[in-house]
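> Dropping the structure in here first, questions after.
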Amino acid sequence: MRTFFVGLFVTLGLTATVASAPAGAQDPKSAHVRTFAVLPDDLRFPEGIAANPVNGDVYVGTFVFGGANALLRYDFHGRLLGRVEFGGTPLLGLQFGPKDGKVYIANLGASKIQRVKADLTGQIEDVVVVPSIGAPAPRSTGNPDGSSDTILFGSNGFPGPNAMTFDAAGNLYVSDSFQGAIFRIANADVCSPCIASLVVHHPLLATAGFPPFGANGLAFNGDETALFIANTGDDRVLKLDMATTQVSMFAESVNGADGLVRDAHGLLWVAANQADTLVALDERGRVVAQIGGFEAVRNGRPVGLLFPASLAIVGMEIFVTNLALPLTDTIVGDEPEEDVTRWTISRMLLPRVR
C-alpha cells in the first residue's frame, strides 16, 4: 500500500509539506485547498465521506430533503466509478468496514444503518434500525453571576443517526444528533439480527444551538479508552470515557464542530463547518493547526472550503465534503452557500505539526 500512495503522490506532484508564500505575498486561506471532484449535475449537498484504505477509493453521500440522493464512488484521482440511488432519503455519515470491506451508511431519512459492497454492486443491506428513545434529561448551565439556566430538550422520537466509527474489534458506534445518544452495534459485519445497544444518552450530546445537530462526528483515541464526539450546535468536542461512560468537555469554541478523524500522529482533526476550516486538536484539546478557509464562489463552485462537513484521510491527504448548505433561509443574500450551483469535494495535504 505504501508503494501505491507514493506513486500517486509523485504522479500528482504532491509533497508532504505545504510551501509558504514569498515574503510580502498574499497567501489566501484557501491556497492549499484543491478540488478533488465536482458532484454530478443532478446532485447537491455532499455530506458523508469514507475511503477504502487498500486502493484509495473515496465514497461520498448526499444530504438532500425533497430531492435526489445518492452514494458515489470515486477513484483516488477523482474519477466517478459508480453510483447508487437513495431517492428522497437524505444520507449522513459513511464508514468503510475494516473487516467486510463494505461501505456503511447512516440513512437519516430511514433512521437506519445500511451497507453495500465496495464496488456498489448488489443489494443495499439493512444493518439495523436505530431505536426511538426520546430526548435526554434537562441540562443545567452555569452563568458568570452564579445563577444557572436549565435547558429542556424536546424530541418527537425521530432517531437521527449521523456519524459512525469502528473500534478495533469491529464494533460500530453511531451518534444520534436528535436524541443526544451514542449507540453500539456489536460485530457489525456478522451480527444477525443486529442490535443498536445504547452506550450513553446524555444532555451534553443534545443541543439547543445552531446548526441544530447535537452528537455528530466520532473518533477514538489511540488505545480506544475514549471516544471523541463533536456537538455541532454547541461548538464543542466532547470526550466519552469508555470504561465509565462519563461525558466531559474536551474542546470548546470550535465553530460548528462536525466531522472528526484522527491522523497517524494522534492529532484529532475537526471540521469547523461554520468557520470553513479544519482544526487539529492535540491530546489536551488545544488547537495546534488550522487549514482550509473560504475565498469565494466562482462559476457556481466554492473556492476553498464552504461548510466542511465530513473528513477522511488517505495516505498524507485529507478529503473534505463541502456541504455548502444554506441555513438561514428566511434571510436572503447573507450566505455564500446561496450562490453555489455545483457542489465539490476538496483535498489537502496534512501539514506537519511540531
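> Residues in segment 163-183 that are of a type in the set (Ser, Thr, Tyr) and either farther than 13 Å from residue 230 by Cα or touching a helix residue (DSSP H, G or I) at 6+ places or on another chain (Cβ under 6 Å) (or both): how many?
Count: 1.
> If I filter segment 311-328 for residues that are over 13 Å from the mean Cα position of the chain (by Cα), farther than 30 Å from residue 167 by Cβ and without any contact (Cβ under 8 Å) to a residue 12 or more places away in the chain, do I get at least one hit?
yes
> Within segment 164-185, track down each residue that is within 24 Å of residue 137 (Cα to Cα), assigned to a strand (DSSP E or B) and open to solvent by 10 Å² or more (accessible area, probe 1.4 Å). Full working, then the answer.
Of the residues in segment 164-185, the ones within 24 Å of residue 137 (Cα to Cα) are 164, 173-185.
Pick out the ones that are also assigned to a strand (DSSP E or B) and you get 164, 173-176, 181-185.
Within segment 164-185, 173, 184 qualify.
> OK, next. Which residues, taken from segment 26-75, are over 28 Å from residue 316 (Cβ atoms) and not in a loop (DSSP other than H, G, I, E, B)?
69, 70, listed by residue number.
> Under the condition of being under 19 Å from residue 212 (Cα atoms) and out of contact with any helix residue (DSSP H, G or I) (no Cβ under 7 Å at 6 or more places or on another chain), which residue from segment 302-320 is most open to solvent (accessible area, probe 1.4 Å)?
Taking the candidates together, the pick is 310.
> For residues that are touching a residue at least 24 places away in the same chain (Cβ under 8 Å) and either in contact with a strand residue (DSSP E or B) (Cβ under 8 Å, 6 or more places away or on another chain) or of a type outside the set (S, T, N, Q) (or both), scanning just segment 140-155, find the one that is surrounded by the most Cβ atoms within 10 Å (Cβ to Cβ).
In this case the residue turns out to be 153.
> On to the next question. Checking residue 15 against (1) of a type outside the set (Gly, Ala, Ser); (2) open to solvent by 20 Å² or more (accessible area, probe 1.4 Å); (3) at pLDDT 95 or above: exactly one of these is not met. Which one?
(3)
> Answer yes if at least one residue in segment 307-329 is under 18 Å from residue 265 (Cβ atoms) and in a loop (DSSP other than H, G, I, E, B), and no otherwise.
yes
The values are calculated or read from the model by the stated rules, or taken from the named source; none is laboratory data. Predicted, not measured: the structure shown is a model, and the values here were computed from it. Quick reminder, even Gly has a Cβ in these numbers, built from the backbone with ideal geometry, and neighbours come from all protein chains shown. With ligands, DNA and RNA removed, areas are computed over all heavy atoms of the protein, side chains included. Shrake-Rupley method; radii C 1.70, N 1.55, O 1.52, S 1.80 Å.
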